[in-house]
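Have a look at the structure below before the remarks.
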Amino acid sequence: MIPGGQPNMQQLLQQAQKMQQDLARAQEELANTEVDGQAGGGLVKATVTGAGELRALKIDPKAVDPEDTETLADLIVAAVQAANQNAQTLQQQKLGPLAQGLGGGSGIPGLPF
């Protein structure tokens, strides 16, 4: 702090830059981390990145019934949704503390005071 209660702008800029670097690093980790979701007791499994990109879909042959493709479609959607929910949880864990730091208490986005 500079005398008179004014914040040191150089320090604030350095803190903001560090938070930005931490955020970019966390986002890169999320993009490289895979999480799974499943449906139908494991008949359908989806793998997404922490950023929500679908990477893999595994379907057990027992889930394939040519007479009932709707159930298979529902299982696929449920597995992808479960995987995306797990990705969102991972995002909260990785980015939550960084986002709180960016919000601060001043009401000025990006400033930690």
>> I need the calculated FRET efficiency for the pair Val77 and Gln10, taking r as the beta carbon distance and R₀ as 41 Å, to the nearest 0.05.
In response: 0.20
> By a straight-distance test (C-alpha under 25 Å), which lysines pair with Lys18 as possible cross-link partners, with residues fewer than eight away in the same chain excluded?
Replying inline: Lys94
>> Please enumerate, by chain and number, the lysines with C-alpha under 16 Å from the C-alpha of Lys62, excluding those fewer than 8 residues away in the same chain.
In response: Lys45
>> On alpha carbon coordinates alone, what is the Rg over Rh value for the range 1-82, Rh being the Kirkwood radius?
In response: 1.43
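Bear in mind that the values in this text are calculations on the coordinates, not laboratory data. All values derive from a computational prediction rather than experimental measurement. Neighbour counts are summed over all protein chains in view; Cβ atoms, including those assigned to glycine, are modelled from backbone coordinates with ideal geometry.
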